[in-house]
1. Apply the Karplus curve 6.51 cos²θ - 1.76 cosθ + 1.60, θ = phi - 60°, to the phi angles in segment A:159-171 and return the couplings in whole Hz, x for Gly and Pro.
2. Using a 10 Å cut-off on Cβ atoms, rank the peptides A:138-148, A:96-106, A:195-205 from the highest mean neighbour count down.
3. In whole angstrom, and with the biggest value first, how far do the Cα coordinates of the protein assembly as shown range along each principal axis?
4. In sequence order, what are the phi-derived ³J(HN,Hα) couplings for segment A:290-306 according to the Karplus relation 6.51 cos²θ - 1.76 cosθ + 1.60 with θ = phi - 60°, rounded to whole Hz, with x for glycine and proline?
5. How far apart, in nm, are two points set 7 Å out from the Cα along the Cα-to-Cβ line at residue A:330 and at residue B:49?
6. Shielding of A:37-50 by partners, i.e. mean partner chain Cβ atoms within 10 Å per residue?
7. Counting helices only, and only those DSSP H runs with n ≥ 4, report the 222 nm mean residue ellipticity of the protein assembly as shown as the sum of -39,500 (n - 2.57) divided by its residues, in deg cm²/dmol to the nearest 500.
8. Would you grab the residues whose amide H sits under 5 Å from the one on residue A:33? Only those 5+ places off in sequence or on another chain, please, with H modelled 1.01 Å from N.
Amino acid sequence: MKPRLTAGFLPLVDCAPLVVAHELGFAEREGFQLDLVKQPSWSAIRDMLALGHIEAAHMLSPMPVAMSLGLGGLAARVDVLMVLSVNGNSMGVTPAIAERMRANGWSGAFNAPFETGKHLIEATGGEIRLGVPFPFSMHAELFHHWLGALGISAGEALDVRTIPPPRMADAIGAGEIDAFCVGEPWGSLAVETGVAELVLPGSAIWAFAPEKVLAVRHEWCEANPELTRGLMRAIHAASRWLGTPENRMMASELLARSDYLDLSDTIIDRALTWTIQPRPGQIGERVENFQRFHGGAATFPWRSQGAWIATHIAARAGIAREEALRVARACFRSDLYRANLTGTGADMPGASEKLEGALPRATPVASVRGEMILGPDAFFDGQVFDFGT
Amino acid sequence: MAARRGAAYIRPVSSKLRITVVDADPERAHMIVDGLCEAGDFEVTVLGDDTGLARKLADLAPDVVLIDLANPSRDTLEQLSVATGANSRPVAMFVDRSDPEMTRAAIQAGLSAYVVDGLKKERIKPVIDAAITRFHMLSQMRSELNAAKAALAERKMIERAKGLLIQARGISEDQAYALLRKTAMDQGKKVAEVAQALITAAELLK
């Protein structure tokens, strides 16, 4: 009998690599059966993984780092086998705030982080209630980076609240929050229901933000090297399939099914085709690299990504930076990625760490097979993070 | 950080344990509260509306929060377990892990319990045990109800499919059922699935 493996996911467009690996037989080809279970919240998926009810999980990239550092409701040593998706979030505000921003001279451009940020701060008087899906999320990090670079930092004027993605539209509609950062399709759904306007894609803040990761318990992947290898190969093949533009229609059809997102495929299409509709009735705007599953080493778990996450989490939680960096680097298993994906056609970067934010445009760099294209990965304010090894 | 968590929440140990049950269904919440009251002398509050959950909980300052594992608002609760630098939290709650076996049993029952940092295991145990018992009862009731609903829906569907066959082919009710059953056996499907397919097809051809 084939070995079985259960993975938990949340209904978001970026759970696609797991769905594709399951539905299109990539898992079977690797000799195992992949069962998927939908989870109601990030806390639930974390508990299920930590307590061994599931073997693998679709997780927000900061979650394994936080869990491994012992932060949050339940701690466990969790490893990141690979990155499932890069970028894919959007910032949204209430129509009233957008209106005030426009009255103050905001152009309404969807890809202008400086201008939009300044107008958001002005329109709210700098007191902003922000909704993010989880305390440890790239959403929270992007907000902190964006508004922090414009002079607003957490704890003073920034009131960050945790709201599960499917509730985000209700929360902004009910006036609980002024703005949100949420993954697709929930941002587009808030636009469709008229409770929010999208003002900025996450990719405009950081052009290459590791968004979701494939997480497993450290002990589990050490004890199950074959299954770990099969899982990584299946997900890598699924990511490559998703990176092919011709497959997008089928991908959104798969995701639309009731087992997964249970929503119309036209809403799901927006993220997959990088065509975001910021306001109801408006023509979709093309956003380069809105969400990436493949290409530019999108699935490679850079140890420097772990380090970036750890630095920010540690600073806010008041824990020692060096220790946090050590733990986070160990979480991001670029060693397993190299060992398990060699021979699948996946190209390997020459190093396992990079400067985060150093590439303003796509740039050829040395790889194991010769040359690969990385980036762009710049931050909107030009910051570069060097964690020096 | 430990000092801050501890200092954030001080109350005399002798006072009654304060429990908050988060559940949107009043009947379910009622059953859970009943179970808790049988188990001891607690101060129990029910929060039925998810709006502004974090703020309400901060005002109530409970020692224990009980919530359905499947409730998406758990992530909002999670905020309370993160003590961030500048924002001092009135409560620092953690998923209960004083007893790994109990935690496992709670998860299996679909219960998620958050407890205030530093609360003694002996004080939590009766609460969690009582809640686990109730959650088991509730999930059994829920699955029985779902099974009953599903059976009813299947029967209705088969009745409708029989009706369609009787009309279209002029056969008797028994013959119609036999035809559905034979088709199901030939295709390795359930009778209800064949009935469903027939109804869908008939609607398309209308």
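Read the figures in this text as sums done on the coordinates, not as results from a lab. None of the values given here were measured: they were computed from a predicted structure. Backbone-built Cβ (ideal geometry, glycine too); neighbour counts: all protein chains shown.
1. These are the phi-based 3J(HN,Hα) values: 9, 8, 10, 9, 9, x, x, x, 9, 4, 4, 4, 5 Hz.
2. Working: A:138-148: 23.7, A:96-106: 16.0, A:195-205: 26.2.
Order by mean packing, descending: A:195-205, A:138-148, A:96-106.
3. Over the protein assembly as shown, Cα extents along the principal axes are 79, 68, 58 Å.
4. So the Karplus estimates, Gly and Pro as x, are 4, 8, 10, 10, 8, x, x, 6, 4, 8, 6, x, 5, 5, 6, 5, x Hz.
5. Going by the 7 Å Cα→Cβ label model, 4.8 nm.
6. Numbers: counts 0, 0, 3, 8, 12, 4, 14, 10, 0, 4, 8, 2, 0, 4.
For peptide A:37-50, the averaged partner shielding equals 5.
7. -14000 deg cm²/dmol
8. A:4, A:5
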